[in-house]
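Here is the structure we will look at.
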Amino acid sequence: MPMFITQDRFNVDTMVLFFVPVLVLAGIAIVYAPIESVLLINGLHHPWLDVLFSGITLMGDGTFVVLAAIVLLLYRVYNSIAMLANGVVQGLIVSLFKRVLFPRTLRPAAFLEGQSVHLVPGVALHQVYSFPSGHTVTIFGLCVFLALCSSNRFVTVLLLILSVLVGLSRVYLLQHFVGDVAAGALIGNVVGIAAYYGVAYMRKPEWMMRWIIIRWGSAGRELSVREQDGFTSFK
């Protein structure tokens, strides 16, 4: 990142960038009828899109939040903790919407009778718990958090593209309406940003400022913890 771009400016640009898909998806959801937008996106089907979307949609699974938290231990312990908190809050909010506020909301599959649609082999169609898209909540919450941590514009753009593709995959695979995805992106962004700033401005104990590395050598593996002012090794 160029030296003349401050961290605050980068963060603002990143947050604005991640909210653009929310506005675009919300606009599509307003302009088109729910099932019409689903049929429009699903109608773009192609064999390579089947492979892409059926694979990339798995990135919206909560398992990747845990994996990201483990990787972030190599960066800063407090970011790892924030990522786990990010995932927990996402799960609670999604459960609140799906199980309490909008229980058993029907998914597109319930409205497709008599419609000409493309079914991707190996993808089972779910019938209920449509709003919001949990996969989209997860991927946007994960990626906006990682983008803010990266302080790198190239990485940020890649993470944004990944988020959008996962969101679109949920519609392409007939699992969600566009409105479900727009809401999921909004919730994910808000939770991910809150998790980032929640730890960025809190007073952190010394142990949270460390990052862990694993060194391999002839003597075997050594787990080390690097601090701001020193290096301490543990057997």
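With the highest mean first, a sort of the peptides 99-112, 157-170, 68-81, 133-146 on other beta-carbon atoms found within 10 angstrom per residue produces 133-146, 157-170, 68-81, 99-112. Derived value for segment 95-150: Kirkwood hydrodynamic radius 13.5 Å. Basis is the mean of 1/r over every pair of different alpha-carbon atoms.
The modelled label-to-label distance for the pair Val66/Val20, using points 7 Å beyond Cα in the direction of Cβ, is 3.5 nm.
Classify segment 136-178 from the C-alpha gyration tensor, please: rounded if a/c falls under 1.5, else prolate or oblate depending on whether a/b exceeds b/c. Taking the square roots of the gyration eigenvalues as a ≥ b ≥ c, segment 136-178 is prolate. Measuring how big segment 1-158 is from its alpha-carbon positions, Rg and Dmax come out at 18.1, 58 Å. Given the C-alpha centroids of segment 14-33 and segment 92-151, what is the distance between them in whole angstrom? Each part reduced to its Cα centre gives a spacing of 16 Å. With the cut-off at under 15 Å, measuring from each backbone N in segment 181-200 to a point 7 Å along the Cα-to-Cβ line of Thr105 picks out 181-188. Stretched out straight at 0.36 nm per residue, the stretch from Leu125 to Asp13 would grow longer than its current Cα-Cα span by 36.6 nm.
All of the numbers you see were taken from the coordinates with simple rules; none came from a lab. From a predicted model like this one, the values you see are computed outputs, not experimental measurements. As a convention, Cβ positions derive from the backbone with ideal geometry for all residues, glycine included, and neighbour counts pool all protein chains shown.
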